[in-house]
Amino acid sequence: MKGLTLWAGVLLLVIAAIAAIAQPPPGAGGFQMTPEMQRRIEEFRKWREAHKYTLQLTSTLRALEQVDKDPKTKLTSAQAKKILSVLQPYRNKPKMTQDDAKNALKGIKAALNVNQLNAIARIEAERRNRRGGPGGMGMRPGGPGGQPGGAPGARPGGAPGSNFRMPDAAQMKDFNPFKPDTSTPFGQRAAEYWDNFFKGLQQRASGK
């Protein structure tokens, strides 16, 4: 699928930055989390659990990008049409509930064959291993789900600095990864990636 670029959403960038704060590299020293930052980190832990199906959906779509690159597991036009029909209703919704995300996951998996599903499972298992297990937070800088040019409030190429601003998890309840807040540069970048994703899916659906 030409131009199929997947993005987990701006919020995952924020979570990666929070993980960097919570687990600084050995010898980093000198940085102490404030009680407010500790509270926000706990809020985000709970937020991740409350939005696990949305995060599973974006993880599956990111894996689908790699699956589509292999001629053996490449999406057919018919499959692309089915996936597009599943995702299109959520394209412009301001919110995505966990029931929405679960239904989208079911629809996507129903459109795929056994080889494709197994390939996605392998990719996600490898990704978890690279992150250090199910609770791992590692992300590849600049790659799908990674940090494009540094996380919010962070120094380029380094750990978050003293100007790091913890976002409010309460404001991100039922977030829709396909419709990020474009009032920020990160939201604009995420929106651009999802635009490319849907364009690629539409091209494949039309037989290109």
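Table for the structure above
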quantity: Cα→Cβ-extended label distance, 7 Å offset, between Lys199 and Arg39, nm; calculated: 4.4
quantity: Qualifying lysines (Cα of each under 17 Å from Cα of Lys46; at least 8 residues distant if same chain); calculated: Lys173
quantity: Reachable aspartates and glutamates from Lys95, criterion Cα separation under 14 angstrom, eight or more residues apart if same chain; calculated: Asp174, Asp181
quantity: Potential lengthening between Ser206 and Ser77 on full extension [0.36 nm per residue; Cα-Cα distance subtracted]; calculated: 45.8 nm
quantity: Proximal lysines to Lys69, defined as alpha-carbon separation beneath 23 angstrom and excluding residues fewer than eight positions away on the same chain; calculated: Lys2, Lys81, Lys82, Lys106, Lys109, Lys199, Lys208
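Read-outs throughout are calculated quantities, based only on the coordinates presented, and are distinct from any laboratory measurement. Fair warning: this is a prediction, and the values are worked out from it, not measured in the lab. Note: ideal-geometry Cβ built from the backbone for every residue, glycine included; neighbour counts use all protein chains shown.
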